[in-house]
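Presented below is the structure to which this report refers.
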Amino acid sequence: MKRHQLTGLLALAVVALSACAPARTVAPAQTGAGSAPASAEPGRTLVAAVRVEPDSVAARPPRGGGLAALNFSRRLLNAELTLPDERGEPRPYLAEELPRLNTESWRVFPDGQMETTWRLRPGIVWHDGVPLVAEDFVFAWRVYSTPEYGGSGAPPFHAIREVTAPDDRTVLIRWHRPHPDADNLAGYDRDFVPLPRHLLESSFQPSDPESFANRPYWNREYVGLGPYRLDRWEPGSFLQVVAFDQHILGRPKINRIEVRFIADTNTVLAGMLAGDIHIAADNAIYLEQAATLRREWGDRGGSVILVPSLWRATAFQLRPEFANPRAVLDGRVRKALAFTVDKQSITDSVYHGVEPVSDFMISPSSKWGPAVEGAAAKYSYDARRGEELMRDAGFARAADGLYASPGEGRFRAELKTTASPNWEAEMTIMAAEWRKAGFDVQDAVLPQAQAQDPELRMTFPAMFTSTTSLGERAMLLYSIAEIPRADNRWRGGNRGGWVNAEYDRTLDAFSTTLEPAERAAQVAQLARIFTEEVPVIPLLFNSLPAAHVAAVRGPGPTAPEALLAWNVHEWEFR
């Protein structure tokens with residue numbers, strides 16, 4: 001997903017247990033001429049487990065694929081202008097300070113264009129000892145804005161007109177449209193990461209993206225600016241990083257970190273309980289393993305961290321040419337179905353009681369959570385209210401206890417989801433509750449092989465439960481432009497084909513409004529429109545669990561917009 005293509009959060013991993021076996025050491029990775037010597041002192045090595053070996057450790061790799069499930073390794077090696085803290089709020093990192101709206105550092109012109117000026121901290125150097133200069137950002141802009149590299153239409157580059165370097169420590173960004181996140185160019189979907197011009201410029205050819213993307217720089221010869229420097233990489237097994245003495249926020253307190261690639265979640269669980277693995281990150285464990293760790297550790301063995309990372313919801317088919325039964329096009333029927341879903345029962349039965357239920361795609365722990373709280377319509381379980389709405393829509397229970405109407409006949413609908421043990425269990429609970437409430441709902445599973453066909457995913461007859469991104473990214477998915485169609489090869493996040501012109505107008509305004517208070521009001525309006533029309537039934541927020549042993553100090557709960565390892569340079573391992 002762009003960066004949100006995380007699927008099967010709770011699916012079972014089937015991988016050889018040998019993934020965590022001790023790996024042989026290899027020669028230190030070459031980082032170019034003038035490589036800085038290893039700075040790690042003797043001491044304990046922090047062992048982290050992640051599920052996926054990254055193709056690249058760059059924060060914005062040339063092939064894309066910036067998966068949230070790869071953020072731990074990338075955070076260790078990279079630094080950006082800003083650093084989102086545990087609340088998702090930007091802090092200065094490579095920059096001395098953030099641009100401030102309506103000052104010389106963030107100017108807005110009458111035609112809507114903007115300029116932001118960033119002043120770099122003095123003394124920043126790459127891992128190979130070469131100083132960072134503003135021209136490294138100019139070169140990075142040339143790369144990111146090249147259409148052949150696939151990122152020119154993504155934020156923030158879709159809104160940038162030009163990047164220049166008035167001097168070695170000044171980065172001037174000119175925008176062709178208002179961009180509210182112009183002071184926060186780091187984190188999910190908006191990384192503006194500098195690139196070492198002294199290493200890459202000679203090989204950059206816009207007409208030959210494959211050669212550039214295939215350079216070993218992007219993985220085993222990576223040179224970044226982060227708190228750690230790449231030291232070793234054993235393909236298929238692990239990578240090791242060592243503390244970077246010249247990190248601009250100070251030398252990390254942990255000298256060496258080994259990141260092991262272990263796809264089997266139960267192997268990670270065993271390693272955590274044995275003390276051989278000290279932190280599990282980036283989807284290395286699922287909720288089942290997180291629940292076991294909590295139970296086994298109690299209050300003293302370690303900590304489990306759950307951060308809402310994905311949104312699970314049931315979409316209605318709202319395109320008349322596909323909708324069956326046509327009653328799902330009636331908002332009263334959709335509300336009745338929403339009132340007869342027991343969300344808490346689902347999370348208790350399927351997700352160990354830890355996944356929070358959802359009223360909208362914005363998590364309460366998000367920065368927009370307070371704006372949504374009083375605006376979103378809530379559909380707590382209320383079978384009587386559901387019956388009233390069905391009666392208003394012209395339906396009554398027949399002798400067999402199921403709803404029917406003179407014009408529509410029996411209400412008979414299909415609830416579908418993609419094959420997965422947890423998702424199928426969730427679907428079974430929902431369908432059973434609906435049948436008990438008078439809805440003739442039959443459940444159906446879309447096999448994983450067919451789930452790769454976007455047309456099959458988007459042309460379901462009545463209801464489809466799926467997992468998507470959450471937060472601002474999810475709000476964008478319900479615009480008219482995101483409706484999947486044959487002429488766009490069934491691509492788009494608005495899988496039910498919901499159309500609401502007022503929602504689109506408010507979303508457009510939100511995307512270009514700069515004042516935070518106005519944006520909060522717009523989020524509230526979006527939540528109000530969306531939940532009143534019920535194009536989907538919000539179910540719950542899925543989490544990406546992380547865990548660490550008691551000897552690790554520093555990781556903690558974060559907002560969905562933040563990274564687990566945002567403050568890794570301050571962590572301690574005792």
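The values are calculated or read from the model by the stated rules, or taken from the named source; none is laboratory data. Just so it is clear, the model here is predicted, and its values are computed rather than measured. Counting neighbours? That spans all protein chains shown, and the Cβs are built from the backbone with ideal geometry, glycine included.
General remarks:
- Qualifying residue in the range 429-439 (condition: in contact (Cβ under 8 Å) with a residue 60 or more places away in the chain, within 27 Å of Ser543 (Cβ to Cβ) and surrounded by 22 or more Cβ atoms within 10 Å (Cβ to Cβ)): yes
- All positions within the range 456-482 that are free of Cβ contacts under 8 Å to residues at least 24 places away in the same chain and either at positive phi or part of a loop (DSSP other than H, G, I, E, B) (or both): Leu477
- Residue count, the range 145-156 (criterion: crowded, with 18+ Cβ neighbours inside 10 Å, out of contact with any strand residue (DSSP E or B) (no Cβ under 8 Å at 6 or more places or on another chain) and free of Cβ contacts under 8 Å to residues at least 60 places away in the same chain): 2
- When the range 350-381 is limited to residues that are surrounded by 15 or more Cβ atoms within 10 Å (Cβ to Cβ) and more than 23 Å from the chain's Cα centre (by Cα), the one that is farthest from Leu539 (Cα to Cα) turns out to be Ala375.
- Contacts under 8 angstrom Cβ, first residue in the range 93-104 being in contact (Cβ under 8 Å) with a residue 24 or more places away in the chain, partner part of a loop (DSSP other than H, G, I, E, B) and acidic (Asp, Glu), 6 or more apart: Tyr93/Glu80; Leu94/Glu80; Leu98/Asp183; Pro99/Asp183; Arg100/Asp183; Leu101/Asp183; Leu101/Glu515
- Residue in the range 539-561 that is in a loop (DSSP other than H, G, I, E, B), closer than 26 Å to Leu415 by Cβ and among the charged types (D, E, K, R) present: no
- Restricting the range 107-144 to residues that are acidic (Asp, Glu) and in contact (Cβ under 8 Å) with a residue 24 or more places away in the chain, the residue that is surrounded by the most Cβ atoms within 10 Å (Cβ to Cβ): Asp136
- Only one of Glu234, Glu201 that is surrounded by fewer than 19 Cβ atoms within 10 Å (Cβ to Cβ), under 18 Å from Ser73 (Cβ atoms) and of a type in the set (Asp, Glu): Glu234
- Some residue of the range 553-567 being farther than 20 Å from Thr82 by Cβ, crowded, with 23+ Cβ neighbours inside 10 Å and either β-branched (Val, Ile, Thr) or in contact (Cβ under 8 Å) with a residue 24 or more places away in the chain (or both): no
- Filter pass, Val171 being crowded, with 18+ Cβ neighbours inside 10 Å, in the same structural domain as Ala59 (by TED's automatic domain parsing), of a type outside the set (Lys, Arg) and at pLDDT 95 or above: yes
- Lone qualifier among Val259, Val304 - being in contact with a His (Cβ under 9 Å, 6 or more places away or on another chain), over 18 Å from Glu533 (Cα atoms) and assigned to a strand (DSSP E or B): Val304
- Close pairs (9 angstrom Cβ cut-off, 6 or more residues apart or separate chains): touching a residue at least 40 places away in the same chain (Cβ under 8 Å) in the range 224-252, part of a strand (DSSP E or B) and among the hydroxyl-bearing types (Ser, Thr, Tyr) anywhere: Gln240/Thr45; Val241/Tyr228; Val242/Tyr228; Ala243/Tyr228; Phe244/Tyr228; His247/Tyr228; Pro252/Tyr228
- Test: residue in the range 178-195 that is at pLDDT 95 or above and within 27 Å of Val241 (Cβ to Cβ): yes
- Hey, Ala338 assigned to a strand (DSSP E or B), crowded, with 16+ Cβ neighbours inside 10 Å and either at pLDDT 95 or above or touching a strand residue (DSSP E or B) at 6+ places or on another chain (Cβ under 7 Å) (or both) or not: no
- Taken together, the residues in the range 478-491 that are of a type outside the set (Gly, Ala, Ser) and surrounded by 18 or more Cβ atoms within 10 Å (Cβ to Cβ) amount to 3.
- So Ala95, is it under 28 Å from the mean Cα position of the chain (by Cα), at negative phi and crowded, with 19+ Cβ neighbours inside 10 Å: yes
- Being assigned by TED's automatic domain parsing to the domain that holds Arg91 and either in a loop (DSSP other than H, G, I, E, B) or surrounded by fewer than 22 Cβ atoms within 10 Å (Cβ to Cβ) (or both) is not true of Ala524.
- Residue match in the range 185-193 (condition: of a type in the set (Phe, Trp, Tyr), crowded, with 17+ Cβ neighbours inside 10 Å and in a loop (DSSP other than H, G, I, E, B)): yes
This table checks each residue for (1) within 19 Å of Phe530 (Cα to Cα); (2) out of contact with any Phe, Trp or Tyr (no Cβ under 8 Å at 6 or more places or on another chain).
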residue: Ala313; (1), (2): yes, yes
residue: Thr347; (1), (2): no, yes
residue: Ser358; (1), (2): yes, no
residue: Val372; (1), (2): yes, no
residue: Leu389; (1), (2): yes, no
residue: Asp400; (1), (2): no, yes
residue: Tyr403; (1), (2): no, no
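- Selection within the range 434-451 - under 32 Å from the mean Cα position of the chain (by Cα) and among the charged types (D, E, K, R): Asp443
- In the condition set (1) buried (at least 20 other Cβ atoms within 10 Å of the Cβ); (2) in contact with a helix residue (DSSP H, G or I) (Cβ under 6 Å, 6 or more places away or on another chain); (3) not in a helix (DSSP H, G or I), Leu249 is compliant with all but (1).
- Inclusion of Phe244 among residues that are within 30 Å of Pro535 (Cα to Cα), touching a Gly at 6+ places or on another chain (Cβ under 8 Å) and buried (at least 23 other Cβ atoms within 10 Å of the Cβ) is not warranted.
- In summary, Arg495 fulfils each of the numbered conditions (1) surrounded by fewer than 19 Cβ atoms within 10 Å (Cβ to Cβ); (2) in the same structural domain as Tyr351 (by TED's automatic domain parsing); (3) at pLDDT 90 or above with the single exception of condition (1).
- Residue that is farthest from Val341 (Cα to Cα), among those in the range 407-428 that are among the aliphatic types (A, V, I, L, M) and surrounded by fewer than 18 Cβ atoms within 10 Å (Cβ to Cβ): Ala419
- Top-ranked residue of the range 392-404 - restricted to ones that are of a type outside the set (Gly, Ala, Ser) and surrounded by 15 or more Cβ atoms within 10 Å (Cβ to Cβ), ranked as farthest from Val441 (Cα to Cα): Phe395
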